[in-house]
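Visitor: One structure follows; several queries about it will come next.
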Amino acid sequence: MDDTLALGGRGCLGAHMHGKGMEEFERGGEVEQEEKASDSDSAPEDVSLSRGREEALKTLKATSTEARRATERVKERRKKRQQLYKTQKDAKEERKRSTRFPESDLKKLWEMEQQIAQEDISEEPASKSSRSKLRP
């Protein structure tokens with residue numbers, strides 16, 4: 001009989017399967033199964049990684065949106081405060097204007113003051129002479 005037939009009728013393939021060749025074949029089968037298992041394992045990891053990435057992006061977007069809103073709220077408060085200050089300043093200016101004399105009255109007072117000053121100047125030499133007479 002032929003050697004190939006003595007090994008179980010498998011020919012060369014049968015000879016390869018015995019001993020060392022058989023171990024390699026079996027490991028090759030395991031590697032294929034591991035690759036298939038790792039492919040199926042990696043799919044859930046890929047999904048969880050993509051979910052994690054999406055969640056991180058959502059969180060980042062929410063954080064940036066909240067920061068932008070907070071900045072806008074601060075700006076709005078500052079704007080309202082400035083408007084309040086402007087209103088208060090305008091009210092104060094209006095109170096000052098309302099308590100002032102009208103321009104015409106101020107002009108009359110100024111003219112009266114000038115008249116009094118002129119009278120004082122014209123009377124001053126006479127008053128000096130009269131004072132000097134009273135003093136010993």
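Read-outs throughout are calculated quantities, based only on the coordinates presented, and are distinct from any laboratory measurement. Here the structure is a predicted model, which means the values were calculated and not measured. With ideal geometry, Cβ positions are generated from the backbone for all residues, glycine too; neighbour counts draw on all protein chains shown.
Visitor: With θ set to phi - 60°, apply the Karplus curve 6.51 cos²θ - 1.76 cosθ + 1.60 along segment 54-70 and write out the HN-Hα couplings as whole Hz, x wherever there is a Gly or Pro.
Guide: Result, rounded to whole Hz: 4, 5, 5, 5, 4, 4, 4, 5, 5, 5, 5, 5, 5, 5, 5, 5, 4.
Visitor: Using a cut-off of 15 Å between beta-carbons, work out the net charge of the residues near Lys58 (Lys and Arg +1, Asp and Glu -1, Lys58 not included).
Guide: With Lys, Arg at +1 and Asp, Glu at -1, the neighbours total 0.
Visitor: Let me check I've understood the local charge: for Arg73, count other residues with C-beta under 11 angstrom from its C-beta, Lys and Arg +1, Asp and Glu -1. What total comes out?
Guide: Counting the neighbours of Arg73, the net charge comes to +4.
Visitor: Next question. Would you calculate the separation in nanometres between label points at Ser48 and Lys86, each defined as 7 Å from the Cα along the Cα-to-beta-carbon direction?
Guide: Taking the simple label geometry, Ser48 and Lys86 are separated by 5.8 nm.
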